[in-house]
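The values are calculated or read from the model by the stated rules, or taken from the named source; none is laboratory data. Predicted, not measured: the structure shown is a model, and the values here were computed from it. Counting neighbours? That spans all protein chains shown, and the Cβs are built from the backbone with ideal geometry, glycine included.
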Amino acid sequence: MIETGPRGCRLLVDSSEDIPLVWFQVAIRGGSAGDPAALEGFTYHLAELSRRGAGELDRHALDEELDGLGASLSMSADRDAARLVGLCLTRHIDRVVELAADVLARPRLDMVEHEKLVRETLMHLDEVRDDDHHLAARFFNRNCVPGHPYGRPVLGTESSLQRLEVADIRNAHARLVVPKNLVIGFAGAITPERAHALAERLVADLPEREAPPLPVVDSPPLPRGRRIVVVDKPERLQSQIFLGHLGPRYGTEEATALTPVEAVFGGTFTSRLMQEIRVKRGWSYGAGCSLYRSRAAHWFRISLAPSAETTPDALTLTWAMFEDLARDGITADELHFAQTHLGGNLAFQLATPRQRVRLAIEGELFGLPEGFARALPERIAKLTLDEVNHAAHSLLTPDDCLATVVATADSMVARLSVLHCDDLRVQPYDQE
């Protein structure tokens, strides 16, 4: 399904004539993990600014033309890549690809738009501070493994945004957006031959350079002990709690073996966490866990949102359940349930051409074997109870992990001290 395409890009196509639509994605390897030192938000800014006018069209004219075509074209950035995504009727694909090619090769990177984007991102950061769930995620990422590249905020910080320079953005764009650094996928009403021709158009005007080295995503030394960070925010009646540590890299045998454990512990409505935290005690509307999917090792993270009154009890129980999971693993019946559930759930993730191409691009970015997503349900179905529980014993470390709690410190810190953690500290919610 994946091949080396025009000028060294990687190309994927999944054709279906069911609906006269074409979806495409151009993934640019790199991502916020490679943001320059003290310039958090750099890749996000580069991606967003690239979409704000290209070629002969300023931002308004580009938006207007896409609206006239009933099409969409957006740029985004995450930890491991920046992405240009388009969607249009098949009859408009040539023009939309021309516009996308301009975004890739001739973004205006205009100073006025740069200044607007900085202001808008600062407002976005205010929204993050207003949203306790996102705030908890931001502080968990920062503190889980201090100094880890995945702990750097994708959006940046107030001070880092002020240091962004358009000249640096231009230089980085010229270095990153080269054919050999791109993964291009097409899905929908398009033949492989047409997709190849459109990929040629997307890369035709890009500079002929080798792909830059991928960002190094090495983990600093892992912190030891049980740590709690209280993110101090006034007048909190509800707490947002994230609890976890660095997990295995997605795609490894270890991560695959941990997948049923994730499902049993916090991946479904009938999971242990949901039953104990929500159904039996009514402490939190939701409670679950997730193993992050990234190019390098990333977090295993538990989440819940109890009332301020029940926070110490909820965190105590969750930590105890985490201990039990790491020590005892799951049962044979739970493994059978998880394998059945995941077999059906993962099949739904491969149901449409767009989903299949998305997952194939992800696999290419992560350096996974071709067809990894398709083969995953079968790999999970073959796991034994010993393999799954060995993963739980060896990879889950409740005695070396972080709990981030968004709460009002004055009324919470003393109550959390009963957990006998090794380190409890308070950080203001508006800290950069």
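The residues of the range 362-416 that are part of a strand (DSSP E or B) and aliphatic (A, V, I, L, M), listed by number, are L402, A403, V405, V406, A407. S290 satisfies every condition listed in (1) under 30 Å from V103 (Cα atoms); (2) among the hydroxyl-bearing types (S, T, Y); (3) outside any loop (DSSP other than H, G, I, E, B) except (1).
The residue of the range 317-355 that is surrounded by the fewest Cβ atoms within 10 Å (Cβ to Cβ), among those that are among the polar types (S, T, N, Q) and either touching a Phe, Trp or Tyr at 6+ places or on another chain (Cβ under 8 Å) or in contact (Cβ under 8 Å) with a residue 60 or more places away in the chain (or both), is T352. Within the range 1-45, being of a type in the set (D, E) and within 26 Å of R138 (Cβ to Cβ) holds for D35, E40.
Under the condition of being under 22 Å from E323 (Cβ atoms) and either crowded, with 18+ Cβ neighbours inside 10 Å or of a type in the set (G, A, S) (or both), the residues counted in the range 398-420 number 8.
Taken together, E113, E127, E120 contain a single residue that is acidic (D, E), crowded, with 19+ Cβ neighbours inside 10 Å and more than 21 Å from A37 (Cβ to Cβ), which is E113.
Considering (1) under 25 Å from the mean Cα position of the chain (by Cα); (2) on the phi < 0 side of the Ramachandran plot; (3) at pLDDT 95 or above, say which one V203 fails and leave the rest. Among (1) under 25 Å from the mean Cα position of the chain (by Cα); (2) on the phi < 0 side of the Ramachandran plot; (3) at pLDDT 95 or above, V203 violates only (1). Selection of the range 9-60 for residues being in a strand (DSSP E or B), over 25 Å from R354 (Cα atoms) and in contact with a strand residue (DSSP E or B) (Cβ under 8 Å, 6 or more places away or on another chain) yields G53, A54.
For the range 65-82, give me each residue that is part of a strand (DSSP E or B), out of contact with any Cys (no Cβ under 9 Å at 6 or more places or on another chain) and surrounded by fewer than 20 Cβ atoms within 10 Å (Cβ to Cβ). Quick ask: steps written out before the conclusion?
First, the residues of the range 65-82 that are part of a strand (DSSP E or B): 72-77, 81-82.
Adding the requirement that they be out of contact with any Cys (no Cβ under 9 Å at 6 or more places or on another chain) leaves 74-77, 81-82.
Selection gives S74, S76.
Within the range 348-406, which residues are among the β-branched types (V, I, T) and touching a strand residue (DSSP E or B) at 6+ places or on another chain (Cβ under 9 Å)? Once the filter is applied, which keeps residues that are among the β-branched types (V, I, T) and touching a strand residue (DSSP E or B) at 6+ places or on another chain (Cβ under 9 Å), the range 348-406 yields T352, V357, I361, T397, T404, V405, V406. Evaluating L99 against the criteria (1) assigned to a helix (DSSP H, G or I); (2) in contact (Cβ under 8 Å) with a residue 60 or more places away in the chain; (3) closer than 18 Å to L21 by Cα leaves one unmet condition, (2). Select from the range 305-322 the residues that are within 27 Å of the chain's Cα centre (by Cα) and either part of a loop (DSSP other than H, G, I, E, B) or over 30 Å from E235 (Cα atoms) (or both) and list them in ascending order. Those that are within 27 Å of the chain's Cα centre (by Cα) and either part of a loop (DSSP other than H, G, I, E, B) or over 30 Å from E235 (Cα atoms) (or both): A305, P306. Taking the listed residues R295, R281, R194, R249, the one that is surrounded by 16 or more Cβ atoms within 10 Å (Cβ to Cβ), over 19 Å from E364 (Cβ atoms) and not polar (S, T, N, Q) is R194, with no other qualifying.
Look at the range 67-87: where a residue is modelled with pLDDT of 95 or more and among the small types (G, A, S) and a partner is crowded, with 17+ Cβ neighbours inside 10 Å and assigned to a loop (DSSP other than H, G, I, E, B), sitting 6+ places away or on another chain with Cβ atoms under 6 Å, you get A81/G31.
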